[in-house]
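The values are calculated or read from the model by the stated rules, or taken from the named source; none is laboratory data. All values derive from a computational prediction rather than experimental measurement. All Cβ positions, even for glycine, are placed from backbone atoms using ideal geometry, and neighbour counts span all protein chains on display.
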Amino acid sequence: MKLVEPPIQSQVTANILILDDDRIILDSLGEFLLMDGYGAFTANDFQEAKKILSRQSIQIVITDLNMPSINGLEFLKYVRENYPQIVVMVITGFGSIESAVDAIKLGAYDYLTKPIIDDELRMSIQRALKQQALQAENAALKKQLRQQNRFCEIIGRDRQMQKVFDLIEAVASTSTTVLVTGESGTGKTLVAHAIHRRSPRRDGPFIEVSCGALPENLLESELFGHVRGSFTGAVGDKHGRFMAAEGGTIFLDEIDSASPALQVKLLRVLQERQFEPVGSNKTINVNVRVIVATNKNLKKLVEEEKFRQDLYYRINVIDIRLSPLCDRVSDIPILTNHFLEKFSQMHQKPIQSISPEAMNLLARYRWPGNVRELENAIERAVVLTRSEIIFPDDLPAEMIEPPANDDGQNFTDQTGTLEELILKTEKQIIRKALGRFEGNRQLTAKALGISRTSLFRKMRDLELMEMN
């Protein structure tokens, strides 16, 4: 083994192992890599190369395929099986291109023909290291997702989502009515499912009803059932969704669309757990857990006399509020990677990661459709891309060409990790908004679509408290 050591002052960006039976090639490649700032380990036989791999941290392997005493393909297989994180590049003569193609099929990243051109080798190494960094970052995000997310059905590491998780765990074991609020696409249905699955009623039915999807005259029948002849078209008795949910949970989405008459009936069910089917005088007792949801401001509807005050206070025992996606930008990377993995498997496409440039575009987009819009955007990208990496051109047009910021700078010009880029973007947006409203937090929070408490917390975390 020969180690080409860089000067003490230089910083090794990666360690590269070269395997070749030609000592001249080993020395020349080692010297070239040294000059480019890499650490180079050289070996001229299989056993020596294996020892280096077991003792050193190697990022790239460069191996000749055709050596009298060494089978390059066997070494390639060994590296791919035992060190899958290492990038393997092969060297071949003009007459052995076919074997180089076979090596690519076995997992080699690239092949170079002899004589080796310095710039080609340099560019290939740089591309390989970039891909390796993307894969490592993707793996780290997935690991972070598994460690930090307590709910497999809800993705989120933001502190606001952690509070939501705490509330779910606190109320799940009770029979208390829960109100879930938030914009469309924030995951209100997922929260309802999570509560049910962690409750003593988990083995009972979970019945979901979208109150806004049915006309008023049909919604009451859908919820409480009816008897034959109670209205035109009622040709037989029908059990409602409340009876179907017996022993389990009923989830009433878009509760704000319930008519005044239906609200009275819902109030009685919540207070007494009793109701009468449409057209019947028979009282039915039910044992159900009720969860309701809305994307409207119910308190404002009460003030406008469009929603009953007594019903509002009856359902607003526990209010779980889901923040819009633009208010929890730190969740975008793990949500993106979750959807990337999901749709890659669904559509059987080997998508490995998303480029930093594309992720940066996602981080600064406003997401009016919230998590649902992000999910749709990633599925679209997976379906349409012809690469193993999602690039900006794979995203919807409105995300590729967002409005320019005030000083004309493009956020994609910034450098750093995904986490750093997201924090830079968020900090710049909040700083500009605070400046626009002369430090008025109330107006700034309203303009950004977040609560004043959320703004205060972000200002503290991003070290913007001096802009008071």
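Report yes if Arg386 is without any contact (Cβ under 8 Å) to a residue 60 or more places away in the chain, out of contact with any strand residue (DSSP E or B) (no Cβ under 6 Å at 6 or more places or on another chain) and not in a helix (DSSP H, G or I), otherwise no.
It is true that Arg386 is without any contact (Cβ under 8 Å) to a residue 60 or more places away in the chain, out of contact with any strand residue (DSSP E or B) (no Cβ under 6 Å at 6 or more places or on another chain) and not in a helix (DSSP H, G or I).
List pairs: first in region 220-235 and touching a residue at least 24 places away in the same chain (Cβ under 8 Å), second surrounded by fewer than 15 Cβ atoms within 10 Å (Cβ to Cβ) and basic (Lys, Arg), Cβ under 8 Å, 6+ apart or cross-chain?
Cβ pairs passing all conditions: Ala234/Arg228.
For every residue, the table says whether it meets (1) surrounded by fewer than 20 Cβ atoms within 10 Å (Cβ to Cβ); (2) under 29 Å from the mean Cα position of the chain (by Cα); (3) under 23 Å from Leu325 (Cβ atoms).
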site: Gly187; (1), (2), (3): no, yes, yes
site: Leu190; (1), (2), (3): yes, yes, yes
site: His193; (1), (2), (3): yes, yes, yes
site: His196; (1), (2), (3): no, yes, no
site: Gly204; (1), (2), (3): yes, no, no
site: Phe224; (1), (2), (3): no, no, no
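Suppose the filter is at pLDDT 85 or above and either crowded, with 17+ Cβ neighbours inside 10 Å or assigned by TED's automatic domain parsing to the domain that holds Pro115 (or both); does Gln47 pass it?
Spelling it out, Gln47 is indeed at pLDDT 85 or above and either crowded, with 17+ Cβ neighbours inside 10 Å or assigned by TED's automatic domain parsing to the domain that holds Pro115 (or both).
So which residues in region 449-467 are modelled with pLDDT of 80 or more and not in a helix (DSSP H, G or I), if there are any at all?
Scanning region 449-467 gives Ile450, Leu462, Leu464.
Would you mind listing the helices (runs of 4 or more DSSP H) fully within region 17-111 where at least 2 residues are in contact (Cβ under 8 Å) with a residue 24 or more places away in the chain and of a type in the set (Lys, Arg)?
In region 17-111, the matching helices (runs of 4 or more DSSP H) lie at 46-55, 72-82.
Answer with yes or no whether His338 is loosely packed, with under 14 Cβ neighbours inside 10 Å and either within 17 Å of the chain's Cα centre (by Cα) or modelled with pLDDT of 90 or more (or both).
Values: loosely packed, with under 14 Cβ neighbours inside 10 Å: no; either within 17 Å of the chain's Cα centre (by Cα) or modelled with pLDDT of 90 or more (or both): yes.
Spelling it out, it is not the case that His338 is loosely packed, with under 14 Cβ neighbours inside 10 Å and either within 17 Å of the chain's Cα centre (by Cα) or modelled with pLDDT of 90 or more (or both).
Residues of region 74-108 being within 21 Å of Asp22 (Cα to Cα) and at pLDDT below 85, which ones?
Across region 74-108, the qualifying residues are Thr92, Gly93, Phe94, Gly95, Ser96, Ile97, Ser99, Ala100, Ala103.
Within region 156-175, identify whether any single residue is in the same structural domain as Gln271 (by TED's automatic domain parsing), in contact with a strand residue (DSSP E or B) (Cβ under 7 Å, 6 or more places away or on another chain) and part of a loop (DSSP other than H, G, I, E, B), and answer yes or no.
Looking for residues that are in the same structural domain as Gln271 (by TED's automatic domain parsing), in contact with a strand residue (DSSP E or B) (Cβ under 7 Å, 6 or more places away or on another chain) and part of a loop (DSSP other than H, G, I, E, B), one finds at least one in region 156-175, hence yes.
When Glu420 is evaluated against the numbered criteria (1) at pLDDT below 75; (2) more than 24 Å from the chain's Cα centre (by Cα); (3) assigned by TED's automatic domain parsing to the domain that holds Met359, which criterion, by number, is the only one it fails?
(2)
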